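Written out below as structure tokens is the structure these notes cover.
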Amino acid sequence: MLFWGRERKIAAITAALAEDKNLVVTGKYGIGKTTLVKETAKINGERWRFLFADFSKTPAKVCNNLLTELRPKRASRGGAGYEYYKGSRSLIVELASKDNRHR
């Protein structure tokens, strides 16, 4: 997939991250928000950790999706390879704390 014409926006996002600012990318459906953020993450992945979460899902599903990005999936008591919600929260924090990249 080609990605072009958004260099200024990527630079603005990168500059804000360098200043330790939190970002929220908003806009209408289908205008390329996800693609913009994923391209920024691809360019800056060695410098910062990027995690993508779909908050339209249940808290347990969000935690499991984040755990999938942080470490390989493993079988658990849930039967389908899912962690329980409370255990997932603390495990996410523990795994993230071991990552040396800027948060």
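Yes/no matrix, rows are residues, columns are (1) among the aliphatic types (A, V, I, L, M); (2) surrounded by fewer than 15 Cβ atoms within 10 Å (Cβ to Cβ); (3) within 22 Å of Ala12 (Cβ to Cβ); (4) at pLDDT below 80:
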{"position": "Lys28", "(1), (2), (3), (4)": "no, yes, yes, no"}
{"position": "Gly32", "(1), (2), (3), (4)": "no, no, yes, no"}
{"position": "Ala60", "(1), (2), (3), (4)": "yes, no, no, no"}
{"position": "Lys73", "(1), (2), (3), (4)": "no, yes, no, yes"}
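Say we look at region 1-55 and pick out the residues that are in a helix (DSSP H, G or I), more than 23 Å from Leu95 (Cα to Cα) and of a type in the set (Val, Ile, Thr); which of these is nearest to the chain's Cα centre (by Cα)?
Going through the qualifying residues, I end up with Thr34.
Filter region 41-58 down to the residues that are closer than 19 Å to Ala96 by Cβ and at pLDDT 90 or above, then identify the one that is surrounded by the most Cβ atoms within 10 Å (Cβ to Cβ).
My answer is Asn44.
Would you please list the contacts, defined by Cβ atoms under 8 Å and residues six or more apart or on different chains, that run from a residue in region 40-67 that is more than 23 Å from Arg6 (Cα to Cα) to a residue that is assigned to a loop (DSSP other than H, G, I, E, B) and at pLDDT 80 or above?
Pairs that qualify, where the first residue is more than 23 Å from Arg6 (Cα to Cα) and the partner is assigned to a loop (DSSP other than H, G, I, E, B) and at pLDDT 80 or above, are Asn65/Lys57.
The values are calculated or read from the model by the stated rules, or taken from the named source; none is laboratory data. Predicted model, so just to flag it, every value in this text is computed and none were measured. Every residue, glycine among them, receives a Cβ derived from its backbone with ideal geometry; neighbour counts consider all protein chains shown.
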